[in-house]
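**Student:** If you scroll down you'll find the structure; I have some questions about it.
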Amino acid sequence: MKSKIRLGILGGGGDSLIGIVHRIASSMHDKYSIIGGVFNPDYSENLKFAKEIGLDESRVYEDYDKMIQEELKLDKSQRMQVVSILTPNFLHYPMAKKLLENNFNVICEKPMTTTYEEALDLERIYKSKKLTFAVTYTYTGYPMIRQMKEMIKNGIIGDIQRVDLQYYQGWINPIIHDTVKRSETWRLQSDKSGISCCIGDIGTHAFDMLEYVTGMEVKELLSDLNYVYDDNTMDVDGTILIRFSDKIKGVIRASQIATGEENCFTVAIYGRKGGLKWQQENPNYLNHLSDSNPLQILKPGHDYNSDFSKISAKLPPGHPEGMFDSMANIYNGVAREIRGEKEFDGEYPTLNDGLRGMLFIEKAVESHQKGNTWIKLK
Ligand SMILES: NC(=O)c1ccc[n+]([C@@H]2O[C@H](COP(=O)([O-])OP(=O)(O)OC[C@H]3O[C@@H](n4cnc5c(N)ncnc54)[C@H](O)[C@@H]3O)[C@@H](O)[C@H]2O)c1
């Protein structure tokens, strides 16, 4: 019997949005056991929550420095092997840096850091180690996204000529017009969030997805962001023109003030022979468009899907899987990497994907600030 991978968690307490997704996802393929961590900066809240989820208090720490210090005293056979970072953005870099320096594998929420420079520093440390580092661009774990990636790689839609990614939410609309609520929202504070709100939070999902499914790197962008109020320093909406080359172009549209929208993320890639379109709110349907054939709708778990898509569905066709399962596929990819079992390109988003995400955020803000000019991504 294989022993479970010992997982520590930073952030993601009972008061968080994403914590439960990681806890459930890590358990879905029976490969991890949550050992402890720091779930809340307030120690009593931290202990209370750890107790609620049945953890041994001895592995629940006051802060991440203490956690690393104490874990290093344990025999390697007991020590945490992987640590997930689920805190607000500004803590990702110092936590990830210290974890890498002390030889822990890392699963980090996006955006990976708050600046590109910090991301480069993590890359430098990572390259000097033999560790696994994943960035949880959650939606890359969906079986029909993985099917899209494989179909594009196998030339099913031909050479790409147009890309269109739309990520619309409305949750900031009731906040942005109220100065008190604005000041209480960490995503709208640059010291907690980084230089961007909307592009850093969801534009980066779209950018990563674009490079993930196409297997190509964006070369240039031009962005037009909206801050809505002069005294608001964080974008809440943006339109970004994308060029892979002078013949392959498209757009990323991201908004958190698209009133009434929930998590409306649409990925559409058009090639010479056909198009592929997927929507996060209906993730089990992949539309295959063509000039000559009727619309084909592909679904998870069927034999007609690629092997990569098939390993990403746990149940027979017709049993809907969702965001927990998508995140679980990323955890499974990390586990397979650690155990030397990884087979497919893209089983989990890498540190390089996190680094590209940070480059995208910085260049999108720079393009806007320079008066909506074309900027190269190097
Ligand atoms: N992959 C996705 O789809 C997705 C979705 C939502 C959020 N996120 C990312 O996850 C991260 C957290 O977002 P959220 O919405 O869950 O935030 P949140 O504000 O809801 O929760 C943050 C959690 O971190 C804890 N925390 C804060 N400071 C801490 C510290 N010093 N030590 C330990 N814990 C601490 C808080 O107590 C809380 O439990 C962000 O980076 C965000 O971008 C990703």
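**Student:** Run the numbers on region 161-267 and let me know its relative contact order in percent, using alpha-carbon pairs under 8 Å that are six or more apart.
**Tutor:** On the way: 203 pairs, mean separation 49.4, N = 107.
So the answer I get is 46 percent.
**Student:** Let me ask something else. If each of ASP230 and ASN282 carries a label point 7 Å out from its Cα toward its Cβ, how far apart are those two points in nm?
**Tutor:** Each label point lies 7 Å from its Cα, and together they span 4.5 nm.
**Student:** From the phi angles alone, apply the Karplus equation (6.51, -1.76, 1.60; θ = phi - 60°) to region 39-47 and give each ³J(HN,Hα) in whole Hz, x where the residue is Gly or Pro.
**Tutor:** Each residue of region 39-47 in turn: 9, 7, x, 8, 4, 5, 5, 4, 5 Hz.
**Student:** Once you place label points 7 Å from the Cα toward the Cβ at ARG79 and PHE344, how far apart are they in nm?
**Tutor:** Roughly 3.3 nm, to one decimal.
**Student:** Can you sort PHE104, PHE324 by solvent-accessible area, 1.4 Å probe, largest first?
**Tutor:** On the way: PHE104 5, PHE324 80 Å².
Highest to lowest solvent-accessible surface, that is PHE324, PHE104.
**Student:** Considering the chain as a Gaussian network with a 10 Å cut-off on Cα pairs, which listed residue, ILE20, ILE34, ILE145, attains the greatest mean-square fluctuation?
**Tutor:** ILE20
**Student:** Rounded to the nearest 10 Å², what accessible area does TYR32 have for a 1.4 Å probe in the complete protein model?
**Tutor:** Around 20 Å² of this residue is reachable by solvent.
**Student:** Let me ask something else about it. What accessible area per residue comes out for the chain, rounded to a whole number of Å², with a 1.4 Å probe?
**Tutor:** That works out to 44 Å² per residue.
**Student:** Give me the number: length gained by fully extending SER292 to ASP65, i.e. 0.36 nm times residue separation minus the C-alpha to C-alpha distance, one decimal in nm. Don't skip to the end; give the middle numbers.
**Tutor:** On the way: separation 227, 0.36 × 227 = 81.72 nm, distance 6.04 nm.
Stretched out fully, the SER292 to ASP65 stretch lengthens by 75.7 nm.
**Student:** Hey, another quick one. Report THR350's accessible area, 1.4 Å probe, all protein chains in place, as a number in Å² to the nearest 10.
**Tutor:** THR350 exposes around 50 Å² with every protein chain in place.
**Student:** Counting only DSSP beta bridges with both residues in the chain, what percent are antiparallel, rounded to the nearest 5? Each step should come with its number before you reach the end.
**Tutor:** Details: 37 of 63 bridges.
Just about 60 percent of them are antiparallel.
**Student:** Additional query: Would you please classify the overall shape of region 162-268 from the alpha carbon gyration tensor, given that a ≥ b ≥ c denote the square roots of the eigenvalues, rounded means a/c under 1.5, and beyond that prolate means a/b larger than b/c while oblate covers the rest? Each step should come with its number before you reach the end.
**Tutor:** On the way: a/c = 2.37, a/b = 1.98, b/c = 1.20.
Taking the square roots of the gyration eigenvalues as a ≥ b ≥ c, region 162-268 is prolate.
**Student:** Modelled label-to-label distance, HIS319 and MET1, 7 Å Cα→beta-carbon offset: nm?
**Tutor:** 2.3
**Student:** For the chain, give the magnitude of the charge dipole about the Cα centre (Cβ charges: +1 Lys/Arg, -1 Asp/Glu; no others), in debye to the nearest 20. If you can, show how the numbers build up before the last one.
**Tutor:** On the way: 46 positive and 52 negative charges, 250 e Å.
It comes to approximately 1200 debye.
**Student:** Could you state how much accessible area TRP171 has, in square angstrom rounded to the nearest 10, with a 1.4 Å probe and all protein chains kept in place?
**Tutor:** Accessible surface of TRP171 is approximately 90 Å².
**Student:** OK, next. Once fully extended, how much extra length lies between THR179 and LYS192, figured as 0.36 nm per residue of separation less the alpha-carbon to alpha-carbon distance? Provide the component values of the computation, followed by the final result.
**Tutor:** Working: separation 13, 0.36 × 13 = 4.68 nm, distance 1.73 nm.
Between THR179 and LYS192, full extension yields 2.9 nm more.
**Student:** Give me the distance between the Cα centres of region 325-378 and region 25-82, rounded to whole Å.
**Tutor:** 26
**Student:** Of HIS92, SER255, ASN102, which is farthest along the charge dipole of the chain in the positive direction, counting Lys and Arg as +1 and Asp and Glu as -1 at C-beta?
**Tutor:** Farthest along the dipole direction, towards plus: ASN102.
**Student:** Now for a separate question. Let me check I've understood the local charge: for ARG187, count other residues with C-beta under 14 angstrom from its C-beta, Lys and Arg +1, Asp and Glu -1. What total comes out? List each step's numbers first, then the result.
**Tutor:** Details: positive: LYS110, LYS181, ARG182, LYS192; negative: GLU109, GLU184, ASP191, ASP201, ASP235, ASP237.
That works out to -2.
**Student:** Note down the relative contact order for region 1-148 as a percent, whole number, built from C-alpha pairs under 8 angstrom at least six residues apart.
**Tutor:** Details: 221 pairs, mean separation 29.7, N = 148.
Computed value for region 1-148: 20 percent relative contact order.
**Student:** So how do THR115, THR185 rank on accessible area, 1.4 Å probe, biggest first, that is with the largest at the start? Intermediate results must be reported in sequence, preceding the final value.
**Tutor:** Details: THR115 45, THR185 20 Å².
Order by accessible area, largest first: THR115, THR185.
**Student:** Amide H to amide H under 5 Å from PHE265: which residues, 5+ apart in sequence or cross-chain, H placed 1.01 Å off N in plane?
**Tutor:** Residues meeting the criterion, in which the H sits 1.01 Å from N, are TYR168, GLN280, GLU281.
**Student:** Between SER77, SER190, SER367, which gets the highest mean-square fluctuation from a Gaussian network model of the chain, Cα cutoff 10 Å?
**Tutor:** Looking only at SER77, SER190, SER367, the largest GNM fluctuation is found for SER77.
**Student:** Still on this structure, I have one more. Under a 10 Å cutoff between Cα atoms, tell me which one of PRO316, PRO349, PRO143 has the largest fluctuation in the Gaussian network model of the chain.
**Tutor:** Evaluated over the chain, the most mobile residue of the options is PRO316.
**Student:** With an 8 Å Cα cut-off and a minimum separation of 6 or more residues, compute the relative contact order for the chain in percent.
**Tutor:** Working: 790 pairs, mean separation 76.9, N = 378.
The normalised contact order for the chain reaches 20 percent.
**Student:** DSSP loop chymotrypsin sites (Phe, Trp or Tyr not before Pro) in region 188-230 with at most 13 other Cβ atoms within 10 Å of their Cβ, which ones?
**Tutor:** On the way: sites: PHE207, TYR212, TYR227, TYR229; in loops: TYR227, TYR229.
Listed in order of number, the matching sites are TYR229.
**Student:** Express the carbon and sulfur contribution to the solvent-accessible surface of region 218-294 as a percent, rounded to the nearest whole number, probe 1.4 angstrom.
**Tutor:** The nonpolar share, carbon plus sulfur, comes to 45 percent.
**Student:** Just to make sure I understand: if all protein chains stay in place, what is the order of CYS108, CYS264 by accessible area at 1.4 Å, largest first? Can you show the working numbers first?
**Tutor:** On the way: CYS108 0, CYS264 20 Å².
Output order, biggest surface exposure first: CYS264, CYS108.
**Student:** Would you please give the residues with an amide H less than 5 Å from that of LYS314, counting only those at least 5 places away or on a separate chain, with H modeled from the backbone geometry?
**Tutor:** Counting only residues 5 or more places away or on other chains, the set is empty.
**Student:** Around LYS370, with a cut-off of 14 angstrom between Cβ atoms, what is the net charge of the other residues, counting Lys and Arg +1 and Asp and Glu -1? Show your work: numbers first, answer last.
**Tutor:** Working: positive: LYS363, LYS376; negative: GLU220, ASP224, GLU362, GLU366.
For residues surrounding LYS370, the net value is -2.
**Student:** So who's got an amide H within less than 5 Å of the one on ILE172, skipping anything under 5 residues away but keeping other chains? H placed 1.01 Å off N, in plane.
**Tutor:** Counting only residues 5 or more places away or on other chains, the set is empty.
**Student:** Quick one: of LYS48/LYS129; LYS51/LYS129; LYS130/LYS277; LYS31/LYS192; LYS249/LYS370; LYS127/LYS310, which pairs are farther than 30 Å apart, Cα to Cα? Intermediate results must be reported in sequence, preceding the final value.
**Tutor:** Working: LYS48/LYS129 35 Å; LYS51/LYS129 34 Å; LYS130/LYS277 37 Å; LYS31/LYS192 33 Å; LYS249/LYS370 21 Å; LYS127/LYS310 32 Å.
In this structure, LYS48/LYS129; LYS51/LYS129; LYS130/LYS277; LYS31/LYS192; LYS127/LYS310 exceed 30 Å between Cα atoms.
**Student:** Rounded to whole Hz and in sequence order, give me ³J(HN,Hα) for region 316-322 from the Karplus expression 6.51 cos²θ - 1.76 cosθ + 1.60, θ = phi - 60°, writing x for Gly and Pro.
**Tutor:** x, x, x, 10, x, 10, x
**Student:** Sticking with this one: P(r) of the chain in 10 Å steps, Cα pairs, percent per bin?
**Tutor:** So the P(r) values, bin by bin, are 5, 23, 33, 26, 11, 2, 0.
The values are calculated or read from the model by the stated rules, or taken from the named source; none is laboratory data. These numbers were taken from a predicted model, which means no experiment stands behind them. No Cβ is skipped: glycine too gets one built from the backbone with ideal geometry, and neighbour counts run over all protein chains shown. Keep in mind that these areas ignore ligands, DNA and RNA; they rest on the heavy atoms of the full protein, side chains included. Shrake-Rupley method; radii C 1.70, N 1.55, O 1.52, S 1.80 Å.
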